[in-house]
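Quick notes on the structure that follows.
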Amino acid sequence: MKEGLTFIKENIKENRSVSIFLLLSFMPFIAVMMTNYLFPIYLTQELNASPAAYGIESAVYGFGALTAGVFIVSIMKRTGTELAIMLNISLFALGISIIFFMKFLPVYFSIVFLLAFANAGTRVARNTFMIQKIPNIIVGRVDSFFRFITLGIRILLIFFFTYVTANDRIGLAFLGLSLLLLSSAGAGWILYKRKQRKQSALLKSVL
């Protein structure tokens with residue numbers, strides 16, 4: 001982790017948007033870890049689902065992730081790696097933002113499929129982005145540093161979610177997760193658009 005941080009300081013500090021963009025791309029993964037805690041409570045308290053719903057949810061999630069694995073390479077070829085990351089983060093943020101209000105089990109399973117697709121798609125695109133931007137000899141150490149940061153975020157969120165769900169306020173937990181993801185998506189789009197404008201201005205100056 002120390003070597004990863006050193007590399008970031010020495011090589012990415014000139015383009016801080018790269019490191020911020022990478023951190024934002026981890027947000028769906030963080031959210032998935034949180035939903036592993038929230039979804040069982042949501043199924044029980046809000047949807048009054050039977051135990052079979054837990055198994056169906058896992059199957060739907062697995063199918064969504066598998067679908068992303070099949071199509072994400074084609075998506076990246078058409079959109080580019082960074083845009084693919086942003087589209088998947090935005091899809092995930094949208095799904096989390098509406099899932100609490102769609103209290104109908106088939107709709108819930110449909111959103112779980114989209115969340116699985118978006119999370120797996122973001123992970124593949126993020127790994128591709130890191131390989132493109134970071135030398136192979138150090139990419140694992142940089143990835144470890146970002147995972148250390150995301151672990152700290154997950155610990156803080158677990159404290160918050162444990163408190164609110166213990167007080168029968170699971171809606172507040174979903175609201176907090178939604179705000180985190182929407183903010184991440186918004187910040188990511190700002191960075192992406194800013195880079196596009198810089199590239200466009202550079203191209204015009206060359207021409």
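The values are calculated or read from the model by the stated rules, or taken from the named source; none is laboratory data. Predicted model only: the values in this text are computed from it and were never measured. Counting neighbours? That spans all protein chains shown, and the Cβs are built from the backbone with ideal geometry, glycine included.
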*Selection count where residues are buried (at least 18 other Cβ atoms within 10 Å of the Cβ) and at pLDDT 85 or above, scope the range 5-22*: 2
*What's the number of the condition Leu177 fails, among (1) farther than 18 Å from Ile20 by Cβ; (2) out of contact with any helix residue (DSSP H, G or I) (no Cβ under 9 Å at 6 or more places or on another chain)?*
(2)
*Of the residues in the range 99-128, how many are of a type in the set (Val, Ile, Thr) and either more than 18 Å from Phe29 (Cα to Cα) or at pLDDT below 90 (or both)?*
2
*asked:* Of everything in the range 121-144, what is outside any helix (DSSP H, G or I) and surrounded by fewer than 17 Cβ atoms within 10 Å (Cβ to Cβ)? Give them in sequence order.
replied: Pro135
*Would you call Ile30 surrounded by 16 or more Cβ atoms within 10 Å (Cβ to Cβ), within 16 Å of the chain's Cα centre (by Cα), of a type in the set (Val, Ile, Thr) and assigned to a helix (DSSP H, G or I)?*
yes
_Hits in the range 71-94 - residues which are among the hydroxyl-bearing types (Ser, Thr, Tyr) and either touching a helix residue (DSSP H, G or I) at 6+ places or on another chain (Cβ under 9 Å) or at pLDDT 95 or above (or both)_ = Thr79, Thr81, Ser90
*Conditions: (1) within 16 Å of the chain's Cα centre (by Cα); (2) surrounded by fewer than 18 Cβ atoms within 10 Å (Cβ to Cβ); (3) aliphatic (A, V, I, L, M). Leu47 meets all but one. Number of the miss?*
(1)
*If Asp168 satisfies every condition in (1) in a helix (DSSP H, G or I); (2) under 19 Å from Pro40 (Cβ atoms) but one, which is the exception?*
(1)
*Does Arg147 satisfy the criteria of being within 15 Å of Phe26 (Cα to Cα) and buried (at least 19 other Cβ atoms within 10 Å of the Cβ)?*
no
*Any idea which of Ala53, Ala49 is more than 17 Å from Ser178 (Cβ to Cβ) and not in a helix (DSSP H, G or I)?*
Ala49
*How many residues does the range 95-115 contain that are in contact (Cβ under 8 Å) with a residue 40 or more places away in the chain, under 17 Å from Ser50 (Cβ atoms) and part of a helix (DSSP H, G or I)?*
4
_Please go through the range 28-59 and give me each residue that is over 19 Å from Ser97 (Cα atoms) and among the hydrophobic types (A, V, I, L, M, F, W, C), ordered by number._
Ala49, Ala52, Ala53, Ile56, Ala59
*For Met102, all conditions in the list (1) closer than 28 Å to Ile131 by Cβ; (2) hydrophobic (A, V, I, L, M, F, W, C); (3) more than 13 Å from the chain's Cα centre (by Cα) hold save one; what is the number of the exception?*
(1)
